[in-house]
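Participant: One structure, as structure tokens, below. Some questions next.
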Amino acid sequence: MNSLPVLFLRSLLFYTGYGSGTILMSSLFLLVGPFLPERGRYQYTATWCRWVLAWLKISCGVKCNIAGVDRLPGTPVVLVANHQSSWETLLFYLLVSPVAPILKKELLSIPFWGWALRLSKPIAIDRSKPREAGKSLLTQGVSRIREGFSIIVFPEGTRSSVTVNRKFSRGAAKLAVEGGVPILPVAHNAGHCWPPGRFLKYPGVITVVIGDPLPTDNQEPDKLTGVAEAWIRQQMSGFANPGNRV
């Protein structure tokens, strides 16, 4: 087990590189992004995600083990997963391609990163107005699905620690049913290495399990939500504790 000072220094190293690298790549994207086709913009963003994950592995020793990659379909899906950190957002952007990100609209105002993100045509919602946010997610989400994009949804609504399980909302299932695409359930334990709201990053192996796509034809959103949540919770209960942290 690494000592607290070592963990602090490694985490500081990560954030130093992460911050400077993000500013550099975002600035470059603001210059070249407007001239790239939409898929080219996605590939640029995917490169940034790969770089962050690689840098996290080098600086903090965070690795991952992914099971079920063969279950990834080659067509659009609504990926549904538990939410514990920013780590899974980066990885999922690489698992399903291309993907339209869902985010809080205020994130688009963050200097450099947020400005560059606008060029990716994300699904930006106002979480202070839940009813309007739900309608916006459905409308924009279906539109993006029909354009060939997958959608990543965290039904818990916010990041939770590894000891907290929040009830899944049915918004993801409604989107999948309306868009006519399967739900792809994914479970992970990223919060053990990247705890939500914490500065320290812990070395270890994050486990990710990809489930079988759930057909949505003639299915009820409530039932689909229950099936996806039950599967994800079952997988999480079988993960090593604490996340194979070393």
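Participant: Restricting attention to segment 182-193, which residues are closer than 26 Å to V142 by Cα and part of a loop (DSSP other than H, G, I, E, B)?
Facilitator: Selection gives P182 alone.
Participant: Closer than 22 Å to V209 by Cα, of a type in the set (V, I, T) and out of contact with any Phe, Trp or Tyr (no Cβ under 9 Å at 6 or more places or on another chain) - does that describe any residue in segment 163-171?
Facilitator: Among the residues of segment 163-171, at least one is closer than 22 Å to V209 by Cα, of a type in the set (V, I, T) and out of contact with any Phe, Trp or Tyr (no Cβ under 9 Å at 6 or more places or on another chain), which makes the answer yes.
Participant: Of everything in segment 222-237 that's of a type in the set (S, T, N, Q) and over 15 Å from V78 (Cβ atoms), which residue is surrounded by the fewest Cβ atoms within 10 Å (Cβ to Cβ)?
Facilitator: Filtering segment 222-237 for residues of a type in the set (S, T, N, Q) gives 225, 234-235, 237.
In the following step, the residues that additionally are over 15 Å from V78 (Cβ atoms) were identified as 234-235, 237.
Numbers: Q234: 12, Q235: 22, S237: 10.
Of everything passing the filter in segment 222-237, S237 is surrounded by the fewest Cβ atoms within 10 Å (Cβ to Cβ).
Participant: Now a separate question. Can you tell me which residue among S136, S237, S150 is among the hydroxyl-bearing types (S, T, Y) and out of contact with any strand residue (DSSP E or B) (no Cβ under 9 Å at 6 or more places or on another chain)? Quick ask: steps written out before the conclusion?
Facilitator: Numbers: S136 fails: out of contact with any strand residue (DSSP E or B) (no Cβ under 9 Å at 6 or more places or on another chain); S150 fails: out of contact with any strand residue (DSSP E or B) (no Cβ under 9 Å at 6 or more places or on another chain).
None of the other options fit; the residue is S237.
Participant: Cβ contacts < 6 Å: first residue part of a loop (DSSP other than H, G, I, E, B), restricted to segment 194-218; second residue surrounded by fewer than 17 Cβ atoms within 10 Å (Cβ to Cβ) and of a type outside the set (S, T, N, Q), any location; separation 6+ or different chain. Result?
Facilitator: Note: pairs meeting the criteria are P203/V246; D212/R71; P213/P73.
Participant: Just give me the residues in segment 31-52 being within 15 Å of S97 (Cβ to Cβ) and modelled with pLDDT of 85 or more, in sequence order.
Facilitator: From segment 31-52, those within 15 Å of S97 (Cβ to Cβ) are 37-50; that's our starting set.
P37, G40, R41, Y42, Q43, Y44, T45, A46, T47, W48, C49, R50, listed by residue number.
Participant: Looking only at helices (runs of 4 or more DSSP H) that lie completely in segment 63-179, which have at least 2 residues being surrounded by 16 or more Cβ atoms within 10 Å (Cβ to Cβ), among the hydroxyl-bearing types (S, T, Y) and touching a residue at least 24 places away in the same chain (Cβ under 8 Å)? If you could, list the steps in order and put the result at the bottom.
Facilitator: Numbers: elements: 87-95, 113-117, 130-146, 171-179.
Correct list: 87-95.
The values are calculated or read from the model by the stated rules, or taken from the named source; none is laboratory data. No experiment lies behind these values; they were computed from the predicted model shown. Note that we place each Cβ from the backbone using ideal geometry, even for glycine, and neighbour counts take in every protein chain shown.
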